[in-house]
1. Give me the one-decimal nm value for the distance between modelled label points at GLU104 and CYS124, 7 Å along each residue's Cα-to-Cβ direction.
2. If R0 is 25 Å, what FRET efficiency do you get for VAL13 and SER157 from their C-beta distance, rounded to 0.05?
3. With springs only between Cα atoms under 10 Å apart, run a GNM on the chain and tell me which of GLU94, GLU174, GLU153 wobbles the most.
4. Pairs to check: LYS91/LYS146; LYS36/LYS91; LYS148/LYS179; LYS47/LYS149; LYS58/LYS179; LYS148/LYS175. Give those whose C-alpha atoms are more than 25 Å from each other in this structure.
5. First compute the accessible area of segment 6-192 with a 1.4 Å probe, then give the percent of it belonging to carbon and sulfur atoms.
6. Determine the principal axes of the Cα atoms in segment 6-192, then give the extent along each, sorted from largest to smallest and rounded to whole angstroms.
7. Using a 1.4 Å probe, what is the accessible area per residue for the chain, in Å²?
8. Please work out how much accessible surface LEU100 shows to a 1.4 Å probe, ignoring ligands, DNA and RNA, in Å² rounded to 10.
Amino acid sequence: MNLNNVRLLVSAVSPRQYPQNNLPDIALAGRSNVGKSSLINRLLGRKSLARVSSSPGKTATINFYEIDEVFNLVDLPGYGFAKVSKAEKAKWGEMIETYLAGRENLSAVILLVDMRHRPTADDCTMLDWIRSSGFAPLVVATKSDKLKKSQREDALSLICETLGIESAIPFSSEKGEGKEEVWDMINKIINQS
Ligand code: GTP
Ligand code: MG
């Protein structure tokens, strides 16, 4: 992949809007504000392809990015944001569930968690779903630049223990840490699908 052909195909709210390009989907899931859209921009080397905002709840649709006609990178709406209305929460939850349960192209779901915090109950639920659907539990720990060196090991241990996983990739959209590791992960998924 040379990333010369990267584009937003569609911002979907319902399955009939999903792209039918027969490419494998790699979806990014995680709490609102965890850094899903920022990770996409960093991975693809584009400053503002995916919309980023300091106010949570920025991505309210399922955004499909087609990458070099090899795969779709899918930016899911964030969950767990307290300040959106109940109705809106229910709508987003349904949107995410409909996608996860029904999308045949789905090849992997990468869960993003904030490296500074213990994963939430919602994060655990998401990872349980990933496992029970037969996908590998892939976890990226975002905002690694916000931790001191001395805090990193404990932070990663807490994430791994809470989620019951072997390892998580520390990632910083700000500094670029973890970019290669996430690309390795993506390439493995593509080679297996
Ligand atoms: P929703 O679309 O609401 O689900 O959020 P999101 O997960 O897409 O998060 P987004 O990428 O919009 O980032 C949220 C905020 O966190 C923005 O202010 C980003 O600049 C900031 N941010 C994201 N990643 C990093 C990171 O690695 N380091 C630092 N320091 N800030 C980050
Ligand atoms: Mg977003």
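1. Here the answer is 3.6 nm between the modelled labels.
2. With R0 = 25 Å, the Cβ-Cβ based efficiency is 0.05.
3. For the chain, modelled as a Gaussian network with Cα springs under 10 Å, the answer is GLU153.
4. LYS91/LYS146; LYS47/LYS149
5. The value for segment 6-192 is 46 percent carbon and sulfur by accessible area.
6. 48, 38, 33
7. On the way: 10010 Å² over 193 residues.
Accessible surface, normalised per residue, equals 52 Å².
8. Accessible surface of LEU100 is approximately 20 Å².
The values are calculated or read from the model by the stated rules, or taken from the named source; none is laboratory data. Please read these numbers as outputs of a predicted model, since none were measured by experiment. All Cβ positions, even for glycine, are placed from backbone atoms using ideal geometry, and neighbour counts span all protein chains on display. Note: areas computed on protein heavy atoms with side chains; ligands, DNA, RNA excluded. Shrake-Rupley method; radii C 1.70, N 1.55, O 1.52, S 1.80 Å.
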